[in-house]
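Here's the structure, in structure tokens; my notes come after.
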Amino acid sequence: AQKITQTQPGMFVQEKEAVTLDCTYDTSDPSYGLFWYKQPSSGEMIFLIYQGSYDQQNATEGRYSLNFQKARKSANLVISASQLGDSAMYFCAMRETGSNYQLIWGAGTKLIIKP
Amino acid sequence: SQTIHQWPATLVQPVGSPLSLECTVEGTSNPNLYWYRQAAGRGLQLLFYSVGIGQISSEVPQNLSASRPQDRQFILSSKKLLLSDSGFYLCAWSGGLSLGAQYFGPGTRLLVL
């Protein structure tokens, strides 16, 4: 079974609108971390935001926030006031203590911001 | 602050030729190091990881090998490249056995002809 599911292969969003990228995960480990990465066309994988399974509050980093719903096992990335430079692939990933701390990756969502 | 370097940025190699990709990390000690491959339009596939000098774990059987001769140096090699080795290779580091993030280098685009 897929451990990380990103159901949106591609999204088009108008500039300045907010966008939500979906991510659901599957784990029986009580201690885990959830991550979002951005990969622009240059290829570099850029770490955006982290949410720990025991964190009480949703993580935020500038225009990025993580909508963490533990009971639903979802960790959606919200980008506020989207910009043309946000166009990229976005990957959700999870790290479990039970998987020797390796990152488990989703298939990614290609986000295109329209001017 | 920590930085991670990879070279070369781009490489075109004939089938059957050897390969050596290098990755170095600065500003941290005893990092976990990782090699990933990404096919065009696909997600990341973990190839190797290392928790210390000389300690290499392979995730998938393949034509590639990895070595860690120094604490902050990770090398990906092949004796004879195959067409299927083409792809985008990313090196990453993380801070040991924790749930923290992995941080990636700029990557190497390898085209085997």
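Quick notes
- All lysines inside 23 Å of A:LYS3 as judged from Cα atoms, apart from same-chain residues fewer than 8 positions distant: A:LYS38, A:LYS70, A:LYS73, A:LYS110
- Scattering profile of the stretch A:1-112 at q = 0.10, 0.11 Å⁻¹ [log10 I(q)/I(0), Debye over alpha-carbon scatterers]: -0.26, -0.32
- Spacing of the modelled spin labels on B:SER1 and B:GLN55, each 7 Å from Cα toward Cβ, amounts to 2.9 nm.
- Here r is the Cβ-Cβ distance between A:SER42 and A:LYS73 and R0 is 30 Å; the resulting FRET efficiency, rounded to 0.05, is 0.40.
- Along its principal axes, the protein assembly as shown has C-alpha extents of 48, 40, 37 angstrom, given from the largest down.
- Cα-derived Rg to Rh of the stretch B:45-113, Kirkwood definition: 0.96
- Highest mobility in the GNM of chain A, judged by mean-square fluctuation with C-alpha springs under 10 Å and restricted to A:ILE46, A:ILE104, A:ILE79, is found for A:ILE46.
Read-outs throughout are calculated quantities, based only on the coordinates presented, and are distinct from any laboratory measurement. Keep in mind that this is a model prediction, so the values were computed, not measured. When we count neighbours, we look across all protein chains shown, and the Cβ atoms used for this are built from the backbone with ideal geometry, even at glycine.
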